[in-house]
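Worksheet for the structure shown next.
The values are calculated or read from the model by the stated rules, or taken from the named source; none is laboratory data. Please read these numbers as outputs of a predicted model, since none were measured by experiment. Backbone-built Cβ (ideal geometry, glycine too); neighbour counts: all protein chains shown.
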Amino acid sequence: MTTPDTTEAEDGLFTKPIKQIKLIFWGPGASGKTTTLRHLSKSLHPLLCSNRIEISTSEDHTLLSDYLAFHIPLHTSTIIFHIVATTGQRRLLATREQIANGADGVLFVADSQPHLAEENRRSYEELCAYLEATNRSTPVVIMANKQDLPDCLDPSMVRRHLNAPPEIPVFGASALHGTAVQQVFQRFVRDVLVQFVAL
Ligand SMILES: Nc1nc2c(ncn2[C@@H]2O[C@H](COP(=O)(O)OP(=O)(O)O)[C@@H](O)[C@H]2O)c(=O)[nH]1
Ligand SMILES: [Mg+2]
């Protein structure tokens, strides 16, 4: 007697209700959004994760956005997460806003190098203005990236520079080395799910 192969449908991916959640990475150019997404796509289980899509210029700048999806099979439903890393290029605010439309949560990726504090602030203020205009309560988590670099600002300094309120968590990480990225992402997903369930 042969055991039939287990298909995704039998696993319930297509038979249970599907809930979709959109997560956005926002931050100034070269803060590490694409690197964070690359690290996550390597660390998530391949069966739960889509192929990563990157659309960049020849200089490796994100032209439009990067994209990754993964799903979590639950008992009664399947949750599909779409992660979109926006372009950080200053002149592309309209593109950024369009891509972020309908976001259920935002991970703000800050560059912790002191000379980029002003760039971070400009990008963060742009995000706050955008979120305010959407009239939705969207969870935000801040990742103070590049903590591996010498003389970088620690997470509390990054918070102060951004003038972020106490209810927004700020965590240090290094996307390049993968340090603390998963922990930050787990907290981010948790905050988004809490908000999602409350709606
Ligand atoms: N030292 C260090 N470099 C990083 C880190 N994360 C990203 N980078 C580098 O910063 C540059 C820009 O990263 P990228 O992910 O393309 O930034 P994006 O524009 O926000 O998508 C690349 O050269 C990365 O290797 C980090 O945690 N530490
Ligand atoms: Mg990028």
Please tell me if ALA85 is within 12 Å of ligand 1 (Cβ to nearest atom), in contact with a Leu (Cβ under 6 Å, 6 or more places away or on another chain) and under 13 Å from GLY32 (Cα atoms). yes
Only unsatisfied item for TYR67, checking (1) within 16 Å of ligand 1 (Cβ to nearest atom); (2) within 13 Å of the chain's Cα centre (by Cα); (3) over 23 Å from HIS45 (Cα atoms), is (3)
Check on ILE24, among the hydrophobic types (A, V, I, L, M, F, W, C), farther than 23 Å from ALA175 by Cα and modelled with pLDDT of 90 or more:
no
Margin query: Looking at the structure I just gave you, is ARG121 over 15 Å from the mean Cα position of the chain (by Cα) and more than 23 Å from GLN89 (Cβ to Cβ)?
Written below: no
Selection from segment 1-21 of residues at pLDDT below 55 and either within 30 Å of SER137 (Cβ to Cβ) or outside any loop (DSSP other than H, G, I, E, B) (or both) yields GLU8, ALA9, GLU10
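So how many residues does segment 173-199 have that are touching a helix residue (DSSP H, G or I) at 6+ places or on another chain (Cβ under 7 Å) and surrounded by fewer than 16 Cβ atoms within 10 Å (Cβ to Cβ)?
Going through segment 173-199 one residue at a time, the tally reaches 1.
Would you please name the residue that is surrounded by the fewest Cβ atoms within 10 Å (Cβ to Cβ), looking only at residues in segment 52-79 that are in contact with a strand residue (DSSP E or B) (Cβ under 8 Å, 6 or more places away or on another chain), modelled with pLDDT under 70 and not in a strand (DSSP E or B)? Step through it out loud before you land on a result.
Step one: list which residues in segment 52-79 are in contact with a strand residue (DSSP E or B) (Cβ under 8 Å, 6 or more places away or on another chain), which gives 52-57, 62-72, 77-79.
Then keep just the ones that are modelled with pLDDT under 70; that gives 52-57, 62-65.
Narrowing the set further to residues that are not in a strand (DSSP E or B) leaves 52, 57.
Working: ARG52: 17, THR57: 11.
The qualifying residue surrounded by the fewest Cβ atoms within 10 Å (Cβ to Cβ) is THR57.
Just to check your reading of the model, which residue among ALA110, ALA103, ALA129 is in a loop (DSSP other than H, G, I, E, B) and either more than 16 Å from ligand 2 (Cβ to nearest atom) or in contact with a helix residue (DSSP H, G or I) (Cβ under 7 Å, 6 or more places away or on another chain) (or both)? Walk me through how you get there before you give the answer.
Working: ALA110 fails: in a loop (DSSP other than H, G, I, E, B); ALA129 fails: in a loop (DSSP other than H, G, I, E, B).
Result of the check over ALA110, ALA103, ALA129: ALA103.
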